[in-house]
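The values are calculated or read from the model by the stated rules, or taken from the named source; none is laboratory data. Model, not experiment: these values are computed from the prediction. Ideal geometry is used to build each Cβ from the backbone, glycine not excepted, and the neighbour counts take in all protein chains shown. Surface accessibility is based on the protein's heavy atoms, side chains included, excluding ligands, DNA and RNA. Shrake-Rupley method; radii C 1.70, N 1.55, O 1.52, S 1.80 Å.
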Amino acid sequence: ALDSPLSMLRLISHSADLNIYISIPDDRYGLPEEVLAIAVMQIFKSINQKTIPVKDLMYSNGKFSAPGAVFRMTESSLIGKLEVISRKYKILHIQETAGINQIYLNVNTNFDETIRDLLHNYYMKEAA
């Protein structure tokens, strides 16, 4: 067994038939929404913008690492998890304009406080 964070997060797996390691985009049901939300919040904080096209969160635009690519997610899974984050935490929302999905950061979001709250929620859920 491969003892790496990528293996533990199930982002790569071993193909015994071919004796290689593979990474296939997947729905990533096991990826906690809080982890994705923290990654997105860090991006918003680093680029100092209130809007990000979903495609930039799926495929890198060169300004930051795209969480969809890092976590090897499908586009529908990324959008689905972002919608859950939007409903559950009210820190961002998705809006489609002219066929382009955009993520909007809610106006009064305090990055450090929000990230701390997301971490707290994640660890409380894990402890339960």
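Observations, loosely collected:
- The stretch 60-73 - residue that is in a loop (DSSP other than H, G, I, E, B) and at pLDDT below 95 and, of those, surrounded by the fewest Cβ atoms within 10 Å (Cβ to Cβ): 62
- Qualifying residues in the stretch 75-97 (those that are surrounded by fewer than 12 Cβ atoms within 10 Å (Cβ to Cβ) and of a type in the set (Lys, Arg)) - the one nearest to residue 114 (Cα to Cα): 90
- Selection of first residues in the stretch 104-128 that are touching a residue at least 24 places away in the same chain (Cβ under 8 Å) and of second residues that are open to solvent by less than 70 Å² (accessible area, probe 1.4 Å) and polar (S, T, N, Q), restricted to Cβ pairs under 9 Å at least 6 apart or on distinct chains, gives the following pairs, ordered by first then second residue: 104/51; 105/51.
- From the options 28, 10, residue that is under 15 Å from residue 82 (Cβ atoms) and either over 15 Å from the mean Cα position of the chain (by Cα) or outside any helix (DSSP H, G or I) (or both): 28
- Test: residue 35 is outside any strand (DSSP E or B), hydrophobic (A, V, I, L, M, F, W, C) and either more than 27 Å from residue 121 (Cβ to Cβ) or open to solvent by 40 Å² or more (accessible area, probe 1.4 Å) (or both): yes
Here is a yes/no grid of residues against (1) in contact (Cβ under 8 Å) with a residue 60 or more places away in the chain; (2) closer than 21 Å to residue 30 by Cα; (3) not acidic (Asp, Glu):
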position: 46; (1), (2), (3): no, no, yes
position: 66; (1), (2), (3): no, yes, yes
position: 76; (1), (2), (3): no, yes, yes
position: 89; (1), (2), (3): no, yes, yes
position: 96; (1), (2), (3): no, no, no
